[in-house]
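**Student:** Got a structure for you, questions after.
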Amino acid sequence: MSIISTAKTAVAAMATNKIRTALSVLGIVIGITSVIIVFSAGEGISGLVIGQIESFGGSDMIETEIKVPTSKKGGGGEMQSGVNLTMGVQITTLTLDDMDDINRLPNIKRSYAGIMGQEQISYGSELRRALLFGSTADFINIDQSEIDYGRFFTNTEDKSLSQVAVLGFKIKDKLFGNSDPVGKFIKIRGKKYRVIGVLEERGAIMTFDFDDFVYIPIRTLQKKIMGIDHVLFMMHQVENKNLISDTQEQMRHLLRENHNLPRQEQLTDWMGAPKDDFRVVSMVESMEIMDTVTGAITLLLLAIVAISLIVGGVGIMNIMYVIVSERTPEIGLRKAVGAKYSDIMAQFLFESVLITIIGGIIGIILGIIISFLISIGAQSFGLDWEFKVPIEAFVTAIVFSAIFGISFGVYPARRAAKLDPITALTKK
């Protein structure tokens, strides 16, 4: 029997029971749709997180942040460090003096340090609770924030503890509406701070809405509001990106000396406990870590999707068993008039594969549509979610369709092809 004849026979058989065929296709559609959505969502999440990281600086950036020394080995120690920070454990050893020393390293171009606090701020009758972001003057030269109008504070204003402030886009609207705030005074803890500039709208990054921040000189925030002399983190821009690893090691060595910590070979005790009270990480490393995390999540979701595809495949196999049982007399008649084992095998296997192909095509189209709607929904909430379906999604969908179509169609097809023609003709 020719391929065309086999195809016509298979299509005719499928058309005789449209509901049963549709139910078989549905199981594959759900699985393939899920494959497309998982890949697209993985790309969207990865792009979103990496975009958030890049907003703090590009591939020429190194971050130094505080870290709680722990007694746990490896990742457990890092996790415990994060838990300690959320429980209010304070690390006060990272200071502006550290930043000044780091700035003297040959490959460091510039740096800024940062701390955050929260206070009531007011202008006239307007009273708001806002996050205060204290930074050094080079923040505006390193960060992706841009001045809308006015200016940012200077290094001189920072060192002289000047009471000046730069407003985020949203907090400016809340306090001043459409009026120009530059030159006017807001009050923080009852003291006047002169507004010298407003930043352009930036949006939320991670869990922080930078448009709702009030930016003031870091030393002013340290001494006049928070009563501290340490910082939470520092961002460093390097001259030569190719030397970034060497620069990180120089920074670690310098900070260990400044903080009276053990040398590299004495960094851990006999239990393997890290003793650093800081962490030095490049933006490239951060992005690689996030790529690994999102990749692992995507694989986990694909494993779950594979289960739904197996269920769909089992459905196809059950349907094919029913078809074989119902069409046993037809199979016997065809074998009696000369149909070969390969002819019967080809017909039923073709039906199984055709069901998965139809389900795969519908699943891919449906998956693209749903993925697009997800991206539109995410963007409506202000997320930088790019709609993208990688080529891997289509390859995986096609491969899965082929595997499950053939795998779950072979056994019923073989059962039909092996039927004895006399037994099949006499079966009621």
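**Student:** How high is the relative contact order of region 94-258, given as a whole-number percent (alpha carbon pairs under 8 Å, six or more residues apart)? Let's see the in-between values first.
**Tutor:** Values: 321 pairs, mean separation 54.2, N = 165.
Averaging sequence separation for qualifying contacts and normalising by length gives 33 percent for region 94-258.
**Student:** Amide H of PHE233: which non-local residues (sequence gap of 5 or more, or other chain) have their own amide H closer than 5 Å, using H built in the peptide plane?
**Tutor:** When sequence neighbours closer than 5 places are left aside, the close amide H contacts are GLY114.
**Student:** Further question on the same structure: Just to be sure I follow: if Rg is taken over the C-alpha atoms of region 94-258 and Rh is the Kirkwood radius over the same atoms, what is Rg/Rh? Working shown, then result.
**Tutor:** Values: Rg = 16.6 Å, Rh = 16.6 Å.
Radius of gyration over Kirkwood radius for region 94-258 works out to 1.00.
**Student:** Right, another one. How long are the semi-axes of the equivalent ellipsoid of region 118-188, defined as square roots of 5 times the Cα gyration tensor eigenvalues? Whole Å, largest first. Spell out each step's value before the answer.
**Tutor:** On the way: eigenvalues 86, 40, 28 Å².
Semi-axis lengths for region 118-188 are 21, 14, 12 Å.
**Student:** Same structure, new question: If I stretch the segment between GLN90 and LEU26 completely, what's the gain in nm (0.36 nm per residue apart, minus their alpha carbon distance), one decimal? All intermediate terms of the calculation are to be shown ahead of the outcome.
**Tutor:** On the way: separation 64, 0.36 × 64 = 23.04 nm, distance 5.59 nm.
Gain on extension, GLN90 to LEU26, equals 17.4 nm.
**Student:** While we're looking at this one, here's another question. Convert each backbone phi in region 280-286 into a coupling constant with the Karplus relation 6.51 cos²θ - 1.76 cosθ + 1.60 (shift: θ = phi - 60°), then list the ³J(HN,Hα) values in order as whole Hz, x for Gly and Pro.
**Tutor:** Once rounded to whole Hz, the list reads 10, 9, 8, 5, 4, 4, 4.
**Student:** Now, a different point. At 0.36 nm per residue, minus the direct Cα-Cα distance, what do MET226 and GLU257 gain on full extension? Give it in nm, one decimal, please. Each step should come with its number before you reach the end.
**Tutor:** Numbers: separation 31, 0.36 × 31 = 11.16 nm, distance 2.72 nm.
Contour length minus Cα-Cα distance gives 8.4 nm.
**Student:** What are the residues whose amide H is under 5 Å from the amide H of ARG151, where those residues sit 5 or more places off or on another chain and H is modelled from the backbone?
**Tutor:** Long-range HN contacts for ARG151: GLY197, VAL198.
**Student:** Length gain on complete extension for the stretch VAL311 to TYR341, per 0.36 nm per residue less the alpha carbon to alpha carbon distance?
**Tutor:** On the way: separation 30, 0.36 × 30 = 10.80 nm, distance 2.86 nm.
Once the chain is fully extended between VAL311 and TYR341, it gains 7.9 nm.
**Student:** Extending each Cα 7 Å along its Cβ direction at LYS241 and VAL399, get the distance between those two points in nm, one decimal.
**Tutor:** In this crude spin-label approximation the distance works out to 3.1 nm.
Laboratory data are not the source of any read-out in this text; all were calculated from the coordinates shown. Because the structure is predicted, anything quoted here is derived from the model rather than measured. FYI the Cβ positions are ideal-geometry reconstructions off the backbone, even for glycines, and counts take in every protein chain you see.
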